[in-house]
Amino acid sequence: MAAKRVAITGHAGIGHVHGFGGLIQDDSAGFITVASMIKEILHVNTLIEEVDVDLRSNTIKITTLDGGSSTSIPRCGITPGEATLMQNLVGQDALFCQSLTLNTLGRMYGQGVLETPVCLQGALANSIVNTFKRKGQNNFKTTVENVDVNCGLIGGLTAVINGVDTSLLVTVNQTINGLGPVEDLEGNIALGSKYELMKELDMLQCPTIVVESKAYSPSLSDHLKENTFLIRAQKEIDNPVVANALVDSVEELGFPVIFRDDLLPQKIGFMKQNTRKFADKIIKYANDLKNTSLASEKVILVANIAKLISQDAGSITCISDELHDVVRGAGMIPGMAAVISLLVTKEYYQHWKIPLFEEKDAEITKSILNRTVKKISSKINKAYSYIEKHYTDIRSLEQIIILK
């Protein structure tokens, strides 16, 4: 068992805009929040100094004022118009990787549909981790995702927050060439290179706050009158001490909150079944396309396929089947964690179409986390006792998941 401490982790699912049940999200909210905390500790400048777009090599290179950089290469290349638009990023904060991308290029889809925006988001997020590495030197530990098609950076450090020993970890889940999303190392999933880094940060088995997305989820959002925090911890699987501390912190700060202990069940075969259902839809459209000669029918069928690929496919490409059986949609190892997200209203969604996690959201979420760390610490023995009873070691999945 690790030394008694608290951990906070957040990821950026590069290009992961769409998910199950009509979910539409800014999946960089956790990355932004935790990176903002690290930024304050390291006194780092994350404003963008240069955007170097090379049309011959089809590369996007982002460089921050503190010298961090990252390069990304869209599979289908970059247009001169895109290159011109990306110059508007100079002077803005690379932390806000999805909102900057959408405000610069207008829209983003994963699954190989809009590769330039996805690559831009990835370059922005990776430039932040690289900046921390350069500025933090030996105090900030880094590694690279070792999932076969991924190139995201992972980094973290240990610090004292409100008198509590705390591990902070950020993960960029970036697939090469703007394909995305593949998030087999999201949340607090401890496999491969991320396992080794989490071990170094002493956070393999400790109460963990997983910071997730800012999202429109129809089944929940359509009943909201204002944007509302959502705390999830599955009953008898996830850590109730962490969940209760999050709920109490949000309530004490005066923000609306919903707690649910039934949204992250372990459904063995769930991802595999949904992948097959998705494939069956594609097959049906493809068969209909094979059997028609009318252009008017062809264009509708192709448009339906395009919608499936650009939206619905994000719910099945994000995580491998067998891994999902254990860690579920938010990438949570049983026993350790609870997850905090920010739900938007239907009205917000109708205006923005795709949620944007902004600076005010990050500041509010950080204030919640700072308070939550202290609350968890006050019940640390109870939190660790729960981990001892419910923790699941997932390293047996490495042969399935980690490919390089």
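The values are calculated or read from the model by the stated rules, or taken from the named source; none is laboratory data. None of these values were measured; they are calculated from a predicted model. Note that we place each Cβ from the backbone using ideal geometry, even for glycine, and neighbour counts take in every protein chain shown.
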Inter-residue pairs, beta-carbon under 7 Å, first closer than 13 Å to VAL51 by Cβ and in the stretch 79-101, second β-branched (Val, Ile, Thr) and assigned to a loop (DSSP other than H, G, I, E, B), 6+ apart: ALA94/THR46
Going through the stretch 224-261 in order, the residues found to be exposed (fewer than 13 other Cβ atoms within 10 Å of the Cβ) and under 20 Å from VAL344 (Cα atoms) are LYS225, GLU226, GLY254
Could you go through the stretch 9-32 and let me know if any residue there is over 24 Å from ILE319 (Cα atoms) and assigned to a loop (DSSP other than H, G, I, E, B). no
Residue count, the stretch 380-390, condition more than 11 Å from VAL6 (Cα to Cα) and either surrounded by fewer than 17 Cβ atoms within 10 Å (Cβ to Cβ) or of a type in the set (A, V, I, L, M, F, W, C) (or both), comes to 7
Picking from ILE394, ILE364, the residue that is touching a strand residue (DSSP E or B) at 6+ places or on another chain (Cβ under 9 Å) and either buried (at least 20 other Cβ atoms within 10 Å of the Cβ) or closer than 22 Å to GLU212 by Cβ (or both) would be ILE364
Of all residues in the stretch 307-345, which are in contact with a Ser or Thr (Cβ under 7 Å, 6 or more places away or on another chain), assigned to a helix (DSSP H, G or I) and touching a residue at least 60 places away in the same chain (Cβ under 8 Å)? VAL326
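Return yes when GLN311 is outside the structural domain of PHE96 (by TED's automatic domain parsing) and among the polar types (S, T, N, Q) and no when it is not.
yes
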Checking the condition more than 30 Å from SER99 (Cα to Cα), over 17 Å from the mean Cα position of the chain (by Cα) and in contact (Cβ under 8 Å) with a residue 40 or more places away in the chain, which residue from ILE368, ILE402 passes? ILE402
